[in-house]
Structure formats: structure tokens, C-alpha cells
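The numbers here are math on the coordinates, done by the rules we state, and not lab data. Note that the structure is a prediction, hence the values are computed from the model and not measured. Virtual Cβ from ideal backbone geometry, glycine too; neighbours counted across all protein chains shown.
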Amino acid sequence: MNLKYNRVILTPMKQDTEKQLYEIVFLANPSIPEEEARDFHQKIKNEATTLGALIKDESKIEKIHLSYPIKKQMEANLGSFKFTMDQGKIDKL
């Protein structure tokens, strides 16, 4: 799978003793098929669960209109999910 994306953001949501809540949000190029964006979303979730993450919440891939252009595109495929994971393992993701 050759999915073009600029950045996946890992945002800590809440401090806990051993596990922390994170959120991954990504924008994918709207010209790729929606199925490929879903596969990428699933691949990231699988990586996280392999490292011991527990998925708390997830959104479906949706095409959104951007407020300003990114690489001359005014639309993008948006995906996100929240998960808890040991703080020491997040660098491996």
C-alpha cells in the first residue's frame, strides 16, 4: 500500500500512572480510493494493538472539506481513533 500522507499526530490526551490516552488523527489525499484509506486506518490500529494498545474510540474515514488548501487540495479523507497504551511503548508506534 502506497498511501501518501504528511503526518500522523500522536496526541497524549490524559495523564495516568502507567497507561496514557492517545489520539491518532490523519488526513489522506482525497484522490486515493476510500478503501485504501480504510486499509491504512486499519493498519495503524493493528500496529497499536500489537503493541498492547486498547482502542477506546474510533471514527470512520470521511471525506471533509478543508478550510484552506493543503498541497492545492480543498478536500481530504479524515480518520482518527483514541487508544490507551503504556507510555514506554508509544515511541515504537
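Observations on the model:
- Spacing of the two label points (7 Å from each Cα toward its C-beta) at Ser67 and Thr49, in nm: 3.4
- Residues of the range 53-93 with amide N under 14 Å of a point placed 7 Å along Cα→Cβ from Glu18: 53-54, 85-89
- Sorted peptide list for 28-34, 58-64, 18-24, criterion being average Cβ within 10 angstrom, highest first: 18-24, 28-34, 58-64
- For Lys71, the lysines whose Cα comes closer than 19 Å to its Cα, not counting residues fewer than 8 places off in the same chain, are Lys4, Lys63.
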